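Input: a single structure, listed below in structure tokens.
The values are calculated or read from the model by the stated rules, or taken from the named source; none is laboratory data. Please read these numbers as outputs of a predicted model, since none were measured by experiment. Neighbour counts are summed over all protein chains in view; Cβ atoms, including those assigned to glycine, are modelled from backbone coordinates with ideal geometry. These area figures cover heavy atoms from the full protein model, side chains too; ligands, DNA and RNA do not enter into them. Shrake-Rupley method; radii C 1.70, N 1.55, O 1.52, S 1.80 Å.
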Amino acid sequence: MHTTATQKLAHQAVPSVLLQLSLPAILGMLVSSLYNLSDTFFAARLGVSQVGAVGIVMPIMTFIQAVGMTFGMGAGSRISYLMGRGDRENAARAGAWALVLSAFSGVVLLICGLCFLSPVLRVLGVTDTIFPYAKEYAFVLLLSAPLQTGGFVLNNTLRSQGNAVRAMLGVILGSVVNVGLDPLFMFVFGWGMRGAALATAAGQTLSCLFLFFQYQRKKSPLRFRFSLLRWEPALLLAMGKVGLPTFLRQGSTMLATILLNRACLPYGDSAIAVVSIVSRILWFLTSVLIGFGQGLQPLAGYSFGAKHLRRMLSSYRWALVYAIGFSLAAAAACFFFSETLLVWFLAPEGAQRAMGLLCFRSQLITLPTQAFVIVSNMLMQATGRAFFASLLAVSRQGLCFVPLIFLLPRLFGTTGLLLTPAAADAATFVLSLFLTFFVVRRYRRMASAQ
């Protein structure tokens, strides 16, 4: 018998259910993005080097997120598909394996990260002036790696059941704690960057514990039990195929951030601070687009598993309408107020402000292209199109960004460096058009044959 959440996935009008799934995910993503944005905002009160430290450590955070989201998306998409087919036992097994594997991976990241922290920071492009702040900040964050990876899995598996609101509440709890503790730890207690990291770790811990409690509620169909950890190679392989695009996307994001930070080295701490600040503000907007994609994922996965292909395609079209509509409105508003937004973070020096405006505005222009790419990638991932999803996942930060970050700065200097992210967005959009055309055309033919 279907639960209320499952009935919603199966029968409720697509525009309505998509908003019901997307809005909690969006709010959760927005509040979650406050983790790093608040650290950046308060670090700016300490100095340019401290802001640079947040940017340098970002690849470490991205990799931790990549591990958690890989298991979370792999399990979440598989859970939606299996529930659509009525296979609750294997759906619960997918969630249990994802939680255990993510926590174990987090422990491995913690140990390896602490053992090799100094050389890792050098590889990430840290300067001598930023190094002590970055090391202090990263050390504490690594201690919470197992809880971060587990939290991402719990968030995704709750949403895959249709419990988007509970997943959102867990993220909001952690973010509110983080933002509230940042000024207390950093300024009142005088702990500086260590305080920023402790606030983030405390928020992640409470979020993970809250999500696990929700996951274990009596009414939850997928409660964790050790008896579920029976070896199922086919299930784990299916989860891995679906989760791989997420790992590639996050991994390529980490690589792009490293290359961008290293490309900023000749221009000093100010350049690193500028790209760090702009990336955090843009991530706040991009998180909304990801929220629409996360809302699409359980609906598309369930509909595909239940062989309701017309409903799946309708959900994709509505997700595009919502995401592109938001991106156009947000880009226009932020473009108009871009200087005001940057003043919150950047010192009033003319050169630094000009660098920030060029980097920020160029990426606002290409923000709508990201809406199309993200939603299309989520459709491919939710329906098991692993190759196309993986290719699109690595295209922006890998296939497109990597050659451009070496080419454009050499041709145009600082201007080329600051325009590289926007150029990568445009190139990725062109590639995504071709990949999406083939995937959607196939699904339309399958729907017509039903």
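General observations
- Here, the range 131-196 has an Rg and a Dmax of 14.8, 44 Å when only alpha carbons are counted.
- Pairwise centroid distance, computed over Cα atoms, of the range 393-439 with the range 89-134, Å: 27
- Backbone geometry of the range 224-232 corresponds, through the Karplus equation with coefficients 6.51, -1.76 and 1.60 at θ = phi - 60°, to 3J(HN,Hα) couplings of 6, 9, 5, 5, 6, 7, 8, 5, 10 Hz, x marking Gly and Pro.
- Along each principal axis, Cα extent of the range 147-241, largest first, Å: 51, 26, 22
- Long pairs among 219/241; 8/218; 8/307, criterion Cα-Cα beyond 26 Å: 219/241
- The residues of the chain expose, per residue, 39 Å² of accessible area to a 1.4 Å probe.
- Accessible surface for residue 31 stands near 20 Å², nearest 10, in the context of the full protein assembly shown (1.4 Å probe).
- Relative contact order for the chain, counting Cα pairs under 8 Å that sit 6 or more residues apart, in percent: 23
- Per-atom-type breakdown for the chain gives carbon and sulfur 71% of the accessible area (1.4 Å probe, protein chains only).
- Point-charge dipole on Cβ atoms (K/R +1, D/E -1) for the range 166-306, about Cα centre, debye to 20: 640
- Measuring max minus min along each principal axis, the C-alpha atoms of the range 291-450 give extents of 62, 31, 18 Å (largest first).
- Karplus (6.51, -1.76, 1.60) ³J(HN,Hα), θ = phi - 60°, over the range 385-398, in Hz, Gly and Pro reported as x: 7, 4, 5, 5, 5, 5, 4, 5, 4, 8, 5, 5, 8, x
- Once all protein chains are placed together, residue 262 keeps about 110 Å² accessible to a 1.4 angstrom probe.
- Calculated on the Cα set of the range 215-352, radius of gyration then Dmax: 21.2, 62 Å.
- Relative contact order [Cα under 8 Å, 6+ residues apart], the range 228-372, whole percent: 27
- The coefficient of translational diffusion for the range 30-72, derived via Stokes-Einstein from the alpha carbon Kirkwood radius under 20 °C and 1.002 mPa s, stands at 192 µm²/s.
- Size estimate for the chain follows the Kirkwood approach: the inverse of mean 1/r over distinct Cα pairs works out to 21.9 Å.
- Ratio of the Cα radius of gyration of the range 13-154 to 2.2 N^0.38 Å, where N counts its residues: 1.26
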